[in-house]
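**Student:** Take this structure, written in structure tokens, and hold onto it; I'll ask about it next.
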Amino acid sequence: MKKKPVKDLDYVKLYSEKLKENNSLFKQQKILIESQLEGSRSIFKNMFFKNNFKENARKYLKDIGLLK
């Protein structure tokens with residue numbers, strides 16, 4: 001039996017159905033996202049705020065190829 005490929009939209013539908021059934025999933029997701037944001041904020045603050053934020057941020061973006 002061949003499995004049908006799962007699309008991103010299928011995961012979104014499944015997640016929304018599970019949220020209807022159990023609201024605590026939203027709280028867990030919110031905690032996860034907030035902790036990721038805090039971690040990113042801390043990393044970039046340490047990388048760029050030592051001297052000149054704009055200069056350091058531009059250098060980083062050039063190094064990873066997002067700026068020319």
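Values in this text are rule-based calculations from the coordinates and carry no lab data. This structure is a prediction, so every number in the text was calculated from the model and none was measured. Methodologically, a virtual Cβ is constructed for each residue, glycine included, from the backbone with ideal geometry; neighbour enumeration extends over all protein chains shown.
**Student:** Report, ordered by the first and then the second residue, all pairs with beta carbons closer than 8 Å, sequence separation of six or more or different chains, a first member in the range 15-33 that is on the phi > 0 side of the Ramachandran plot, and a second member that is of a type in the set (D, E, K, R).
**Tutor:** Short answer, once both residue conditions are applied: none.
**Student:** May I pose another question? Take the residues in the range 1-29 that are in a loop (DSSP other than H, G, I, E, B) and among the aliphatic types (A, V, I, L, M), then tell me which one is surrounded by the most Cβ atoms within 10 Å (Cβ to Cβ).
**Tutor:** Taking the range 1-29 first, the residues in a loop (DSSP other than H, G, I, E, B) are 1-7, 22-23.
Now restrict to residues that are among the aliphatic types (A, V, I, L, M): 1, 6.
Details: Met1: 2, Val6: 9.
The selected residue is Val6.
**Student:** Do we have Lys68 as on the phi < 0 side of the Ramachandran plot and in a helix (DSSP H, G or I) here? Please lay out each step first, then the result.
**Tutor:** Working: on the phi < 0 side of the Ramachandran plot: yes; in a helix (DSSP H, G or I): no.
No: the conditions fail for Lys68.
**Student:** Let me ask another. Among the residues of the range 11-44, write down those that are closer than 30 Å to Arg58 by Cα and basic (Lys, Arg).
**Tutor:** Taking the range 11-44 and keeping what is closer than 30 Å to Arg58 by Cα, we get 32-44.
Of everything in the range 11-44, just one residue is closer than 30 Å to Arg58 by Cα and basic (Lys, Arg), namely Arg41.
**Student:** If you go through the range 23-30 one residue at a time, do you hit one that is among the small types (Gly, Ala, Ser) and within 20 Å of Val12 (Cα to Cα)? Before the answer, list the steps.
**Tutor:** Narrowing the range 23-30 to residues among the small types (Gly, Ala, Ser): 24.
From the residues that got through so far, the ones that are within 20 Å of Val12 (Cα to Cα) too are 24.
Taking every residue of the range 23-30 in turn, at least one turns out to be among the small types (Gly, Ala, Ser) and within 20 Å of Val12 (Cα to Cα).
**Student:** Looking only at the range 30-68, count every residue that is loosely packed, with under 10 Cβ neighbours inside 10 Å and hydroxyl-bearing (Ser, Thr, Tyr) and tell me the total.
**Tutor:** Initial filter on the range 30-68 (loosely packed, with under 10 Cβ neighbours inside 10 Å): 46, 50-51, 54, 63-66, 68.
Among the residues that remain, those that are also hydroxyl-bearing (Ser, Thr, Tyr) are: none.
Count: 0.
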